1. Looking only at region 195-218, how many residues end up being assigned to a strand (DSSP E or B) and in contact with a Gly (Cβ under 7 Å, 6 or more places away or on another chain)?
2. Looking at Lys231, Lys222 in this structure, which one is surrounded by fewer than 18 Cβ atoms within 10 Å (Cβ to Cβ), out of contact with any helix residue (DSSP H, G or I) (no Cβ under 8 Å at 6 or more places or on another chain) and of a type in the set (Lys, Arg)?
3. Which pairs have Cβ atoms under 9 Å, sit 6 or more apart or on different chains, and link a residue in region 345-365 that is within 15 Å of Gly33 (Cβ to Cβ) and modelled with pLDDT of 75 or more to one that is surrounded by 10 or more Cβ atoms within 10 Å (Cβ to Cβ) and of a type in the set (Lys, Arg)?
4. Could you list, in sequence order, the residues of region 635-653 that are part of a helix (DSSP H, G or I) and crowded, with 16+ Cβ neighbours inside 10 Å?
5. Looking at region 29-52, which of the residues that are β-branched (Val, Ile, Thr) and at pLDDT 75 or above is farthest from Thr356 (Cα to Cα)?
6. Before we move on, is Gln226 part of a helix (DSSP H, G or I) and either of a type in the set (Phe, Trp, Tyr) or at pLDDT 75 or above (or both)?
7. I'd like the residue in region 702-735 that is in contact (Cβ under 8 Å) with a residue 60 or more places away in the chain, part of a loop (DSSP other than H, G, I, E, B) and out of contact with any Cys (no Cβ under 7 Å at 6 or more places or on another chain) and, out of all such residues, is surrounded by the fewest Cβ atoms within 10 Å (Cβ to Cβ).
Amino acid sequence: MTSKNPKNAVSLTRTIFLSAFSIALGAILLIVGIWSLKEIQAYQKEAETLRYDKIDRQKLVIRNQVNNAFNTLERERLHSLATVKKELKQETLRISLIAQNLFEHYSQKFSRTQQTRMIYEAIAPLGNQEALLQYSILDYQQKKIILDTSNPKLNNASFSEKQQPKHHHLYETALKEGEGLYFYKAPPSTVQEAYGVYAYFKTYAPLNIILVVQANMSTIEKRTKQEVLNKMATISFGDDGYIFAQEDNRQLLLQGKVMLDTAAYYNHFVLYDEEGNTHFLSDINNNTPDRFYYYKFYRPGQEQLVNKISYIRYYPHWNWTIGAGLYTDVVEQELAENAQNVRQRIYTDLLYIIITAIGLSILLWWRLQKTSHKVSLGLTEFSSFFRQASNEHVKINPKKLHYQEFQLLANMANEMLEEREKTKTELQLAYNEIQTSEEELRQQSESLQMTNEHLEKVLKDLKQTQNQLVHSEKMASIGQLTAGIAHEINNPINFVSANVDPLQQDIEDLLSLIEKVMEELQHTPDTEQWQQIKQFAEEIELETIQPEIVALLDGIREGAQRTKTIVMGLSAFARVDQGVYTPSNIEEGIESTLLILNNKIKKSNVCIQKDFSNIPPVECLPNKLNQVFMNILINAIQASSNNEGCVLITTRHLEQQQQVEIEIRDNGPGIPKDLQRKIFEPFFTTKEVGEGTGLGLSISYGIIEQHQGRIEVESQQGDDSYTAFRIILPLVQKTRS
């Protein structure tokens with residue numbers, strides 16, 4: 001049998017050759033592309049880093065310069081203000097000494113008016129309207145302005161709050177404090193806007209005058225501004241950096257020149273902040289944050305606009321806009337030169353890589369061609385081997401193959417032929433064993449089915465036991481909680497019960513005392529004291545209070561006694577079993593259970609009748625029996641509530657059998673006969689979904705069996721319907737194995 005190659009089949013060696021060459025060439029091109037991309041990204045990052053580095057250094061310089069200028073403004077302003085205040089005080093003390101010397105020399109020779117005139121003539125020449133300091137003398141005895149060098153028209157004029165408010169307020173302050181600093185706002189005039197004035201005053205009591213030295217802060221501030229501008233005009237940094245300032249649309253300082261009267265000709269240049277928002281220099285005010293701005297401006301000595309960056313701050317005290325800037329065209333030029341160098345380096349490196357890639361591609365082509373030929377020879381040898389092996393037992397010679405992989409395949413092929421005969425025999429044996437195993441598996445399957453049914457029954461029993469254990473554990477936890485609550489309530493109730501009788505005795509003594517006092521006061525009915533007491537007794541209704549107090553005390557005593565009875569019932573019901581059978585009074589257990597169900601009984605309008613026979617103690621687990629009584633009583637109450645019926649509880653002592661019998665009978669509708677045999681099954685219930693679990697009677701049945709007793713049910717439907725549960729328990733538990 002011979003095989004022929006399909007006409008449309010693809011050569012494996014050619015496919016491997018082309019695939020390997022394509023992958024290798026693609027990898028080379030990918031590496032070149034990635035390298036080129038990284039070089040471009042590195043160049044862009046380097047250029048951006050260089051740009052930001054240079055710009056940030058310039059921004060740091062100009063911000064520091066502006067902040068220094070800003071601090072200089074604040075320092076000079078505060079220094080000027082402190083200097084003025086100091087000069088005002090010194091000058092006031094100086095003219096005060098002048099007044100004191102004149103008074104000491106001429107107080108005996110001249111009158112007060114003449115002495116005041118002498119002080120006026122000594123101080124008046126010191127000030128005029130152009131001077132920095134102005135002087136005033138106020139006569140607070142006659143409320144008259146003796147001297148005001150800032151406005152000579154006011155000399156010898158009287159002052160009042162309406163006519164001269166500033167002098168009047170100064171007068172009031174001086175009389176109150178004697179000496180100190182005073183500030184006020186001078187009203188505007190046709191010549192000058194409103195301005196601030198600092199004044200230092202000192203009263204001279206011997207002549208009843210106030211000496212005042214004041215300074216026009218507008219004049220002081222103008223002088224300080226000029227000094228600050230002269231200082232900032234000398235500041236320069238970098239190649240072309242300088243400080244500039246403007247005030248109210250007037251350029252104050254530009255390119256090192258003070259221009260107080262020059263219009264701000266570049267206020268209309270457009271500024272851009274770092275977010276790209278548009279601004280004008282004239283718009284910067286106290287609400288504008290300190291920031292950097294970018295714009296085009298003239299370089300000193302040139303008429304061409306170039307890029308510039310400035311940091312601008314607003315100085316609110318003088319309404320100045322302070323800024324400093326540097327030209328960025330030098331940075332742009334450096335960045336352009338660096339970009340050209342980087343591009344030249346990338347082009348050179350890329351040329352070297354392309355030449356290397358071409359050489360590697362040629363070498364790769366030759367190597368892959370040689371490898372492909374050897375692979376083709378190996379595949380031809382395998383093809384010839386497989387044709388012969390299909391008809392006869394032959395082996396391939398691994399030494400004719402060039403590669404270890406082909407030699408390994410040849411050895412595996414030879415081993416495969418050796419194993420083929422063995423496999424045929426083993427398959428036949430395995431087939432025989434399978435036939436035998438099928439019968440065994442069928443038998444094992446039947447056995448597993450029986451085991452599975454047994455396990456399902458065991459699982460069902462375990463679930464029932466688990467539910468009973470969970471329910472019992474819950475009841476034990478409720479019992480512990482109830483016992484703790486009963487103990488905590490018992491203490492205050494004992495306290496109330498113990499103190500009611502002494503309280504009643506004390507109140508009776510007080511009431512007796514009141515009666516005796518009232519009897520004594522009746523002998524003097526006309527006295528005012530008797531009338532007041534009689535009126536108060538009527539207001540508090542004394543005759544009504546006395547029986548009411550007695551009734552309240554009886555109610556407290558009765559409530560405490562009832563609460564004590566309930567607590568005793570809770571304590572009896574909540575006794576925690578320790579797994580030890582102890583003689584217990586069954587009737588007391590029933591009483592405590594009824595006490596717990598008292599609220600449910602009242603709501604259901606069911607009467608409870610008891611026929612107890614004073615049966616002897618029963619050896620049992622009291623808490624678990626209480627649980628049985630509760631389950632049966634709840635069912636009886638629910639069954640009787642629809643007919644407003646009764647539940648009868650009867651106990652009997654069966655002396656011959658050494659047993660006791662407890663019967664709980666209700667006059668409810670009864671239980672159908674077909675359901676009576678199911679009521680003790682787990683999860684069986686005739687109640688609506690969510691109203692019952694079907695475990696109460698099942699658990700009760702298990703508890704009675706645990707006590708070696710039995711529980712029976714008897715029921716009848718019809719006119720005289722009823723249901724009765726009888727529980728028979730031995731007095732003494734037999735020894736358990």
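1. Just the residues of region 195-218 that are assigned to a strand (DSSP E or B), to begin with: 195-204, 209-216.
In the following step, the residues that additionally are in contact with a Gly (Cβ under 7 Å, 6 or more places away or on another chain) were identified as 201, 203.
Matching residues across region 195-218 total 2.
2. Working: Lys231 fails: out of contact with any helix residue (DSSP H, G or I) (no Cβ under 8 Å at 6 or more places or on another chain).
Of Lys231, Lys222, the one residue that is surrounded by fewer than 18 Cβ atoms within 10 Å (Cβ to Cβ), out of contact with any helix residue (DSSP H, G or I) (no Cβ under 8 Å at 6 or more places or on another chain) and of a type in the set (Lys, Arg) is Lys222.
3. none
4. From region 635-653, those part of a helix (DSSP H, G or I) are 635-643; that's our starting set.
Within region 635-653, Asn635, Ala636, Ile637, Gln638, Ala639, Ser640, Ser641 meet the criteria.
5. Step one: filter region 29-52 for residues β-branched (Val, Ile, Thr), giving 31-32, 34, 40, 49.
Filter again for at pLDDT 75 or above, leaving 31, 34.
Numbers: Ile31: 12, Ile34: 16 Å.
In this case the residue turns out to be Ile34.
6. Details: part of a helix (DSSP H, G or I): yes; either of a type in the set (Phe, Trp, Tyr) or at pLDDT 75 or above (or both): yes.
The answer is yes for Gln226.
7. Val732
Residue-by-condition table, conditions (1) surrounded by 12 or more Cβ atoms within 10 Å (Cβ to Cβ); (2) assigned to a helix (DSSP H, G or I):
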{"position": "Arg77", "(1), (2)": "yes, yes"}
{"position": "Ala82", "(1), (2)": "no, yes"}
{"position": "Lys86", "(1), (2)": "no, yes"}
{"position": "Leu93", "(1), (2)": "yes, yes"}
{"position": "Gln100", "(1), (2)": "yes, yes"}
{"position": "Phe110", "(1), (2)": "yes, no"}
{"position": "Thr116", "(1), (2)": "yes, yes"}
{"position": "Leu138", "(1), (2)": "yes, no"}
{"position": "Leu147", "(1), (2)": "yes, no"}
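The values are calculated or read from the model by the stated rules, or taken from the named source; none is laboratory data. These numbers come from a predicted model, not from an experiment. No Cβ is skipped: glycine too gets one built from the backbone with ideal geometry, and neighbour counts run over all protein chains shown.
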